[in-house]
């Protein structure tokens, strides 16, 4: 039975007890502040039990794509420092003769450039040039403009943002997003000890080791992933700072970025400057915007949030949804991959959370 006084807390506590994840933090609200926020469970259960607080940072995983890379690309595009219509081959000479050279940065941002979903790039290469060479050698997937989710496109978009701005992605995020918004605990950890109190993730790289196949060298995979070290191997290969993963943050800080996407004046931008993030890149057919997917195309919130709400999720157990019509944002951060990646997806937990949250 759900507690009427704290329905989200009661529901997520029950999910923790049944083993869906060790812990969860949440933030639901609007420009006036939080309607509901809290934390339940544990930041870690191995080697010791560590209680989770609402101020704990999480490995945001693929939330890095919209909250850092797509957001920065949209800002730079608005300022004329980068054009999302530029072909990838014009930005990266290494890709000119590849199957992806004619696709644009906007295509990459909306997962329409034909890249494979995932390749263990770091097994062979751990440099920017090495990643570019490896991506250029990939075979194209799908038909022209077909939506196929891919980390590789966002790795490239991160490189493009850095090239246009002339500064590393982590520094640009700090200067253009974290500082104007006054974010307390949000940024790229890299290989520092910045977020050693973060919610724990997988014990080691067993999940990616299995995906990479028997030919991959064992010494390329981490036996331990300390708290605060990015879970994603391709991001770790680039020093923990990449366009597709590497961002850490608290539930409140994730919400603050989401609210700034709804109201760009919070970051000193013109109203409407970030509209490309809230509407499909292809009206009528596109299921993705620059950075986000529509609710009607996401199993975790379909028929719960309005069809045109936008959001994203991360492999580690994180998610963000933005309903611009209400307007309201929904943040749910979990460490579902700790201490090992479960077979059961988090879809039921996410649907239960959002079903309750929309009624608040």
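In terms of overall dimensions, region 85-204 has a Cα radius of gyration and Dmax of 16.0, 45 angstrom. Rounded, prolate or oblate: which fits region 205-266 when a ≥ b ≥ c are the square roots of the eigenvalues of the alpha-carbon gyration tensor, with rounded for a/c under 1.5 and prolate only if a/b beats b/c? Prolate shape, in that a/c is at least 1.5 and a/b is the bigger ratio. Taking every alpha-carbon pair in region 267-337 and binning the separations at 10 Å intervals from zero gives 20, 49, 26, 4 percent.
Which whole-angstrom value gives the distance between the alpha carbon centres of region 4-28 and region 188-227? The two parts, judged by their Cα centres, are 26 Å apart.
Three principal axis extents describe the C-alpha atoms of the chain; from largest down they are 59, 49, 36 Å. For the chain, the mean residue ellipticity at 222 nm estimated from helices alone is -7000 deg cm²/dmol, where every DSSP H run of n ≥ 4 contributes -39500 (n - 2.57) and the total is divided by all residues, rounded to the nearest 500.
Would you mind calculating the relative contact order of the chain from Cα pairs under 8 angstrom and at least 6 residues apart, reporting the percent as a whole number? Don't skip to the answer; put the middle values down first.
Values: 763 pairs, mean separation 86.1, N = 360.
Across the chain, relative contact order equals 24 percent.
When only C-alpha pairs under 8 Å and at least 6 residues apart count, what is the relative contact order of region 33-144, in percent?
Rounded, it is 16 percent for region 33-144.
Averaging the inverse of every distinct alpha carbon separation and then flipping it gives the Kirkwood radius. What is it for region 134-230, in angstrom units? Each step should come with its number before you reach the end.
Details: mean 1/r = 0.0601 Å⁻¹.
Hydrodynamic radius (Kirkwood, Cα only) of region 134-230 equals 16.6 Å.
Can you bin region 153-295 into rounded, prolate or oblate? Criterion: square roots of the alpha carbon gyration tensor eigenvalues sorted a ≥ b ≥ c, rounded for a/c under 1.5, prolate for a/b above b/c, oblate for the rest. Show your work: numbers first, answer last.
Details: a/c = 2.03, a/b = 1.49, b/c = 1.37.
Because a/c hits 1.5 or more and a/b exceeds b/c, region 153-295 counts as prolate.
Which whole-number percent is the relative contact order of region 71-113 (Cα, under 8 Å, 6+ apart)? Could the numbers behind the result be given before it?
Working: 44 pairs, mean separation 12.7, N = 43.
Relative contact order, region 71-113: 29 percent.
Readers should treat all values here as calculations from the given coordinates under stated rules, not as data from a laboratory. On a predicted model such as this, the values are computed, not experimentally measured, just so you know.
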